[in-house]
Ligand code: SF4
Ligand code: SF4
């Protein structure tokens, strides 16, 4: 092959490459300037867990250990204790005295959320969980239990989180199924509001319809 043909082939190949670049430049941008910009999460996004409270500030966890029993990764450790008579922590007889989740083992399946009888453990849209050592990846009640106003505790910069209002409250959690386990009931609120964050929006997604006579 002559030098002239080599040059022609090289220019043709470069032009092919630039065509791809120019074609992409005309398409809408799909990337965001994270961490300056947060992309809105899908409604059923499984982010990190929180332990919720009732409106009066009482903890919802009753220390029943159902979440720990159902967890396929065996990453939840719960120890219940009797509520102090004079100063109960939860409305039940018992409360979650110790509650830990090892986030390194969690597969974010949400079975713990499904199993919980009081909607104490839920998942949020929070996803920034990187740590510099393994011990910090074990979340205790210090990290998991929300503030009385429903704001989650977190292990990263609070000023940074404050810039992103939709992530600051512990809402946005999702069961894997509709509350009643039936597609007909998706879109129907089936849980109590958690403190400070108001009535949660209805689940959507399985059928897109509500049962007759029910308000969403
Ligand atoms: S999301 Fe799944 S793996 Fe993670 S703690 Fe809950 S049940 Fe266990
Ligand atoms: S989070 Fe729910 S399932 Fe787990 S111990 Fe507390 S009340 Fe029971």
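The values are calculated or read from the model by the stated rules, or taken from the named source; none is laboratory data. Only a predicted model underlies this, so the values are computations on that prediction, with no experimental measurement involved. Here the Cβ positions follow ideal geometry from the backbone for every residue, glycine too, while neighbour counts run over all protein chains shown.
For the stretch 93-113: of the residues being in contact with a helix residue (DSSP H, G or I) (Cβ under 6 Å, 6 or more places away or on another chain) and under 17 Å from residue 137 (Cβ atoms), which is surrounded by the fewest Cβ atoms within 10 Å (Cβ to Cβ)? Outline the logic, then answer.
Taking the stretch 93-113 and keeping what is in contact with a helix residue (DSSP H, G or I) (Cβ under 6 Å, 6 or more places away or on another chain), we get 99, 103-104, 111-112.
Pick out the ones that are also under 17 Å from residue 137 (Cβ atoms) and you get 99, 103-104, 112.
Details: 99: 28, 103: 18, 104: 13, 112: 25.
Among residues in the stretch 93-113 that are in contact with a helix residue (DSSP H, G or I) (Cβ under 6 Å, 6 or more places away or on another chain) and under 17 Å from residue 137 (Cβ atoms), the one surrounded by the fewest Cβ atoms within 10 Å (Cβ to Cβ) is 104.
For residue 74, the conditions (1) surrounded by 15 or more Cβ atoms within 10 Å (Cβ to Cβ); (2) part of a loop (DSSP other than H, G, I, E, B); (3) at pLDDT 95 or above are fulfilled apart from (1). Residue check: residue 128 meets all listed conditions (1) within 15 Å of ligand 1 (Cβ to nearest atom); (2) in contact (Cβ under 8 Å) with a residue 24 or more places away in the chain; (3) surrounded by 13 or more Cβ atoms within 10 Å (Cβ to Cβ) but one, namely (1).
Can you pull out the residues in the stretch 108-122 that are assigned to a helix (DSSP H, G or I) and either over 30 Å from residue 45 (Cβ atoms) or touching a strand residue (DSSP E or B) at 6+ places or on another chain (Cβ under 7 Å) (or both)? Outline the logic, then answer.
Of the stretch 108-122, the ones assigned to a helix (DSSP H, G or I) are 111-115.
Within the stretch 108-122, 112, 113 meet the criteria.
Name the residue, out of 57, 63, 150, that is in contact (Cβ under 8 Å) with a residue 12 or more places away in the chain, buried (at least 19 other Cβ atoms within 10 Å of the Cβ) and more than 17 Å from the chain's Cα centre (by Cα). The match here is 63.
Looking across the stretch 78-107, the residues that are assigned to a loop (DSSP other than H, G, I, E, B), touching a strand residue (DSSP E or B) at 6+ places or on another chain (Cβ under 7 Å) and farther than 28 Å from residue 130 by Cβ come down to 83, 89, 90, 93. The listed residues are 92, 80, and the only one of them that is away from ligand 1 (no atom under 16 Å from the Cβ) and modelled with pLDDT under 85 turns out to be 92.
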